[in-house]
Amino acid sequence: MKINRKNIKHNNFKNQKEIYDFWENEKLFRANPSSNKKPYSLLIPPPNLTGELHLGHAMQHAILDAVARFKRLQGFDVLLLPGVDHAGIQFEATLDRKLKKKNISKEKLGREKWLEEAWKFKSEVYKSVSKTWRFLGLSADWSHEVFTLDEGPRRAVFEEFKTYFEKGLIYKGPYIVQWCPKCNTAIEDVELEYEERKEKLYFLKYGPLTLATARPETKFGDTAMAVNPKDKRYKEYVGKVFTIETLTGNRKMKVVADSAVDPKFGTGVIKVTPGHDFVDYEIGKRHNLPILQAINKDGRLTDLAGKYEGMKVMEAREKMLPELKEKGILIKTEDYTHNVAVCERCKSIIEPLISEEWFVKVKDLAKGAISVINEDAINFLPKNYKKILVVWLKDLHDWCISRTLWWGHRIPVWYPSTRSARSGQVAEMKVSLESPGKGWVQDEQVLDTWFSSGLWPMSTLGWGDQSQSGKSKWKELVKYFPWDFEISAPEIKYLWIGRMIMISKYFTNTIPFKVMFFHGMLRDLQGRKFSKSLGNGVDPNYLIDQWGVDATRMALYTYSIPGRDGRVSKDLLDERGKNFRNFETKLRNISRFILELKPDSNVILSDSEESRDPSSRTQDDNKENFGNKWIMDELSKTSQKVTKNLEQLELHLAVDEIYNFVWHQFADKYIESSKNRRVEAQPTLEHILKQVLILLHPFMPFLTEEIYQKFGVKRKSIMLEDFPQN
RNA sequence: GGGUUCGUAGCUCAGUUGGUUAGAGCACUGCAUUGACAUUGUAGAGGCCACAGGUUCGAGUCCUGUCGAACCCACCA
């Protein structure tokens, strides 16, 4: 690249915002689909639109940005695509809580008005996310920014739904689902958490048999008893029907034999409640048992419960115990500790129940995903996540994709009348993005957030969008897909990563990304996750205020090892932040020494990059004297290692290398020894400094740009430099 | 019950395919300081690399087992 010195402006930036604006105004973050440079694409995991970015996000984004900047310096056409996710349940719950405080009820507002509020709230929350991104120096291509509910993704999601529908992979029907009574919607297995609870195990008399249960209140929904077929104790009872007292009259129940029953647990007999338990549902299906609904969607008992009708589950359990005892049904209780499923979002106890929902048959999708993963088409970091995902994919059950919410992609299914909509008449419905005509009513439910997130690698590049704006993007899809780099927290490996692989393979017959980087989780010193309720989190904005962006980024890179959790506290992060802030000061001082305190200005200003030969030997060049040759060798070794580390995505090692070189080789040894031959060493000093800045730029973008601007001979921005070739 | 990962200095952690004397930051001790830099320099102390076997010329690194910690998955009613 020819340097035209006349065009070079020395920028004296007042603050980091000015630097960021300079980059943005110069369009240095923009990808260029028509350039002949080799593409390198990175997809930012869309953060949930629910609030502030936390420390984990900051680390994730710092990693993405370092890789993107590195690849740009290497001469790639880099696309770092930003976007945010509408985060269905979570967003809706947050907004409802907010509205409740203002005494506005959702029902009163109605769907349309509520959605207006939602979009307002969305842009409010988005501002804080966007601000933090810029704060961190994220070099994202803002011209490509996407929101999951935008038109493009909406059309892509429709395409996805329609295809499944036409291929017979989508069905609607009653099925047992994990139901959150508080969020009032079905949720997926992967959306639940387990909490250890100390409860009781109740031993109840059912006809001639005694069985153990933790949930006596589901008694009203029992339709059978079951034992293990190999259990000799109960052989004579199998197939026989007994009359069982239910507290609301007698019910005839059969004893069935099913291998799902563990003969070692309790008495070896279970009551079967197909309407409110997953195992029981399966047993029921195998033995053709009737299903009774004993618990409603609001978590209260139904009329089956007689005088207990309307009571919440826990209340009913307490209240019915005396009656059970009195009637001789409750024989004894034992202390019992077990895991209770709770909603990941609101922590309320999940009620398995039967609900009319939409499902996707995932068997073929999963098979495809397994095949691409086994072909090693995706480079998983760490490697073992490959196996973990395959195991999960192997016995995946059908995906419940409907949610009883308003915030999301509404299911693109229409019914000819309100009545057929209510009864969900499958035969009459039409799949369409827009209304098929007057009188048609759209399905009330929306799609699971992950239905659209799973499509993210494609929908962000215009896939499935038949409109003009979608078609104009096809070149980008060809150029940037599959993505070169994707990063994620391990906790959403199934929810998101697994889905993306399945969906991408199904629709494009290829992988969604070439590198899948799972960073570790940042935890507190006791190894617990950060959470609002524990208050153990560390706010990235605090660290940035205290130590600066670049130092904060550096501190985070030291925790960026794939799959390795880091234990941190405010003190520990302050320690590292301070350490790298000191490093920043060191580098400022080095540059002041080299660029501002020059021995003789005539000697130093060389005219072009080429005319200088920094590797020329000094008179007394040997190891002990730390001469030019020595430092050039050290630099070369360092840049080789840094390049290798970056290529292998070992950012923590790269940071370590540069840190050590700058401080302990360059500053402590070379600069010290150069003081008595300053004039002769000056070209080398400048050369090394500039190379150091380039090596460091992916990690400390602001500082390196700031110092770079002080060079006499330079390009417009350090972002336009070339990464040292080795 | 199945799976994964970890155990290295007082603390938080690095240690790339096995290869000199096992490293960093912080903390600690001595010394220096009109210096580009005290947000510094320099010297140092601190480790049976969890434990026990094995493979090897050679093991923090590979294999087996034991103990300890954490996480994920699963239909323990």
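The values are calculated or read from the model by the stated rules, or taken from the named source; none is laboratory data. In this text the structure is predicted, and so the values were computed from the model without any measurement. Here the Cβ is made from the backbone with ideal geometry for all residues, glycine too, and neighbour counts use every protein chain on show. Ligands, DNA and RNA are stripped out before the accessible areas are found, and what is left, the full protein with its side chains, is counted by its heavy atoms. Shrake-Rupley method; radii C 1.70, N 1.55, O 1.52, S 1.80 Å.
Residue-wise HN-Hα couplings along region A:252-261, as the Karplus relation 6.51 cos²θ - 1.76 cosθ + 1.60 with θ = phi - 60° gives them from phi, are 7, 9, 8, 9, 10, 9, 9, 6, 6, 7 Hz; Gly and Pro carry x.
Estimated from the Cβ-Cβ distance and a Förster radius of 25 angstrom, the FRET efficiency linking A:Lys383 and A:Val478 is about 0.25. Relative to one another, the C-alpha centroids of region A:116-143 and region A:495-551 are positioned 18 Å apart.
For the pair A:Arg677 and A:Leu597, a Förster radius of 25 Å applied to the C-beta separation gives a FRET efficiency near 0.95, rounded to the nearest 0.05.
Straightening the chain between A:Asp150 and A:Asn103 buys 13.9 nm, computed as 0.36 nm per residue apart minus the Cα-Cα spacing. Between A:Ser128 and A:Ser417, residue separation times 0.36 nm minus the direct Cα-Cα distance comes to 99.8 nm.
Rg over Rh for chain A works out to 1.07, both radii taken from alpha-carbon positions and Rh defined as the Kirkwood radius.
For the pair A:Asp395 and A:Glu26, the difference between a 0.36 nm per residue extended length and the Cα-Cα distance amounts to 127.8 nm. Annotation: amide H of A:Ala224 within the under-5 Å range of A:Val272, sequence separation 5 or more or interchain, hydrogens built in the peptide plane.
When you filter the chymotrypsin sites (Phe, Trp or Tyr not before Pro) in region A:264-302 for DSSP loop state and at most 15 other Cβ atoms inside 10 Å of their Cβ, you are left with A:Phe265. Which helices, counted as full DSSP H runs in chain A, have an axial Cα extent of no less than 24 Å and a Kyte-Doolittle average of 0.0 or above? Answer set is A:55-73, A:678-696. Shape of region A:654-726 from its Cα gyration tensor (a ≥ b ≥ c, root eigenvalues): rounded if a/c is under 1.5, otherwise prolate when a/b > b/c, or oblate? Since a/c reaches 1.5 but b/c is at least a/b, the shape of region A:654-726 is classed as oblate. Sparse packing (at most 10 other Cβ atoms within 10 Å of the Cβ) combined with a DSSP loop state is found for the following trypsin sites (Lys or Arg not before Pro) in region A:489-582: A:Lys532. Could you please state how large a percent of the accessible area of chain A is carbon and sulfur, counting protein chains only and using a 1.4 Å probe? The C+S portion of the solvent-accessible surface of chain A is 49 percent. Computed on region A:643-722, with alpha-carbon pairs under 8 angstrom and 6+ residues apart, the relative contact order is 21 percent.
For A:Ser432, nonlocal amide neighbours, meaning residues 5 or more places apart or on other chains whose placed amide H falls under 5 Å from its own, are A:Val413, A:Trp414.
Please tell me the relative contact order of chain A in percent, rounded to the nearest whole number, where contacts are Cα pairs under 8 Å and at least six residues apart. Once divided by the residue count of chain A, the mean separation gives 16 percent. A Cβ-based charge dipole, computed about the Cα centre of chain A with Lys and Arg at +1 and Asp and Glu at -1, lands at about 820 debye. In this rough spin-label picture, where each label sits 7 Å from Cα along the Cβ direction, the A:Thr243-A:Lys167 distance is 5.5 nm. Given axes a ≥ b ≥ c from the Cα gyration tensor, I'd like to know whether region A:140-200 is rounded (a/c under 1.5), prolate (a/b larger than b/c) or oblate. Here region A:140-200 falls in the oblate category.
Classify region A:248-291 as rounded, prolate or oblate, taking a ≥ b ≥ c as the square roots of the eigenvalues of its Cα gyration tensor: rounded when a/c is under 1.5, otherwise prolate if a/b is larger than b/c and oblate if not. Oblate, since a/c reaches 1.5 and b/c is not below a/b.
For region A:141-249, trypsin sites (Lys or Arg not before Pro) are listed when DSSP marks them as loop and at most 14 other Cβ atoms sit within 10 Å of their Cβ; the list is A:Lys167, A:Lys230, A:Lys240. For region A:345-391, the ratio of Cα radius of gyration to the globular rule of thumb 2.2 N^0.38 Å stands at 1.71. Proximity of backbone amide H atoms, modeled 1.01 Å from N, is registered between A:Gly563 and A:Phe518, A:His519, A:Gly520 at under 5 Å, excluding neighbours fewer than 5 places apart on the same chain. Protein heavy-atom accessible surface, 1.4 Å probe, per residue over chain A: 45 Å².
Projecting the Cα atoms of A:Thr449, A:Leu495, A:Ser420 onto the charge dipole of region A:418-513 (Cβ charges, centred on the Cα centre) puts A:Ser420 farthest toward the positive pole.
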